[in-house]
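The values are calculated or read from the model by the stated rules, or taken from the named source; none is laboratory data. Remember, it's a predicted structure, so these values are computed and weren't measured experimentally. Neighbour counts run over all protein chains shown; Cβ positions are idealised from the backbone, glycine included. Please note that ligands, DNA and RNA were not included when accessible areas were found on the heavy atoms of the full protein model with its side chains. Shrake-Rupley method; radii C 1.70, N 1.55, O 1.52, S 1.80 Å.
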Amino acid sequence: MNNQDRVATQPLKLTAADFASKSEPRWCPGCGDYAIYAQMKKILPELGIPKEKFVFVSGIGCSSRFPYYMNTFGVHSIHGRAPTVASGIKLANPELKVFIITGDGDGLSIGGNHFIHLCRRNIDVTVILFNNRIYGLTKGQYSPTSVKGQITKSSPYGTLENPFNPVLMAMASGATFVARTIDRNPKHLAEILRRAAEHKGTSFVEVYQNCVIFNDGAFEDLYSKDTKDDRALYMEKGKPYIFGKNHDKVLKWNCSRFEAVPYDEANPPENLLIHDEKNLSAEIEFGLASLTDNPDLPTPMGIFRQVETETYEELLQKQIDFVKEKKGEGDLETLFNSGNTFIIE
């Protein structure tokens, strides 16, 4: 092998810059979308997947401009239907790495039905849900995740609806990887995106994302220097659920619910739960996700669930192979002329 051949057969080492398209991102200055975009470009080269095998599919909304800014294949589809388009792409070519980019309005309102069926099928795609608790592109109406009582342009006296909890919804629908992170913690954001992308099956990541124009500071208590240690709980595999500015509190499971108790590393409370996203009971998984709605306890961040099971496309291929073995290769002409057919004279 000469030097020219050797150079030609060596895989290209990609960088974040290789995944940036020539289109300049046009989100509002300070929008949390920029952080997600930056971390996504950063982790893609680490996946070891050829660049031509990435596909980004989006619906409608500010977040759904994402495919324009990625130097990969992409589809800016229609409102709420990104899961259906992505499912078709993945089933047609299982070798592709498919991402779905959506928002709380696009993914959980008009697209809610498609989202739950995507999760239960366990198709091998990665869903990134940008949750800013507001409709940003259409100028500030309340969304399915807006908090009850939130004042918006379409709820001047406060919303009357209970918000969706996207993590609970994904788990209840059967997603095999479910996680949450936040735009203001880029290190954590990158790690969760990478773990989700590496998972085989439907992986779902809720990203708390600040909308500086219509819902600024919606998640401030989770990143403000004065409150974040008490309000955010970063779950780590193999460790108890410790939080607080001085790491002096821990969550303890009390029969059917979590409660916060004092924590002393030298003399920890007995029978503390140890986090293991691959081996939690449904009761604990859902108990952790439900803390999001508890103002007295911290909001969990990290991976709630990661389980390995066959994907939809693997089961489909097995079924195709079984039928071929039983009946032989199909013939389209024969199929068209079989069953209840008739001739128009």
Which of (1) under 25 Å from Ser23 (Cβ atoms); (2) under 15 Å from the mean Cα position of the chain (by Cα); (3) part of a loop (DSSP other than H, G, I, E, B) is the odd one out, the single condition Ile100 does not satisfy? (3)
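From Leu129, Leu137, Leu108, Leu96, grab the single residue that is modelled with pLDDT under 95 and assigned by the TED database to the domain that holds Gly32. Break it down into steps so the answer makes sense when it comes.
On the way: Leu129 fails: modelled with pLDDT under 95; Leu108 fails: modelled with pLDDT under 95; Leu96 fails: modelled with pLDDT under 95.
Testing whether each residue is modelled with pLDDT under 95 and assigned by the TED database to the domain that holds Gly32 leaves just Leu137.
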Please pick out the residue among Thr102, Thr145 that is open to solvent by less than 20 Å² (accessible area, probe 1.4 Å), within 25 Å of Met70 (Cα to Cα), touching a helix residue (DSSP H, G or I) at 6+ places or on another chain (Cβ under 6 Å) and among the polar types (S, T, N, Q). Thr102
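Yes or no, residue by residue, for (1) in a loop (DSSP other than H, G, I, E, B); (2) within 30 Å of Cys31 (Cβ to Cβ):
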| site | (1), (2) |
| --- | --- |
| Leu168 | no, yes |
| Arg180 | no, yes |
| Gly217 | yes, yes |
| Lys252 | no, no |
| Ala260 | no, no |
| Leu280 | yes, no |
Lone unmet requirement of (1) part of a helix (DSSP H, G or I); (2) within 20 Å of Leu297 (Cα to Cα) for His188: (2)
How about the range 63-90: which of its residues are open to solvent by 20 Å² or more (accessible area, probe 1.4 Å), of a type outside the set (Val, Ile, Thr) and part of a loop (DSSP other than H, G, I, E, B)? Asn71, His79, Arg81
Which numbered condition Leu233 fails, given (1) without any contact (Cβ under 8 Å) to a residue 12 or more places away in the chain; (2) open to solvent by less than 40 Å² (accessible area, probe 1.4 Å): (1)
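On the basis of being part of a strand (DSSP E or B) and either open to solvent by less than 60 Å² (accessible area, probe 1.4 Å) or in the same structural domain as Glu206 (by the TED database) (or both), does Val57 make the cut?
On the way: part of a strand (DSSP E or B): yes; either open to solvent by less than 60 Å² (accessible area, probe 1.4 Å) or in the same structural domain as Glu206 (by the TED database) (or both): yes.
Spelling it out, Val57 is indeed part of a strand (DSSP E or B) and either open to solvent by less than 60 Å² (accessible area, probe 1.4 Å) or in the same structural domain as Glu206 (by the TED database) (or both).
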For residues in the range 149-168 being within 27 Å of Leu118 (Cβ to Cβ) and open to solvent by 30 Å² or more (accessible area, probe 1.4 Å), which is nearest to the chain's Cα centre (by Cα)? Leu168
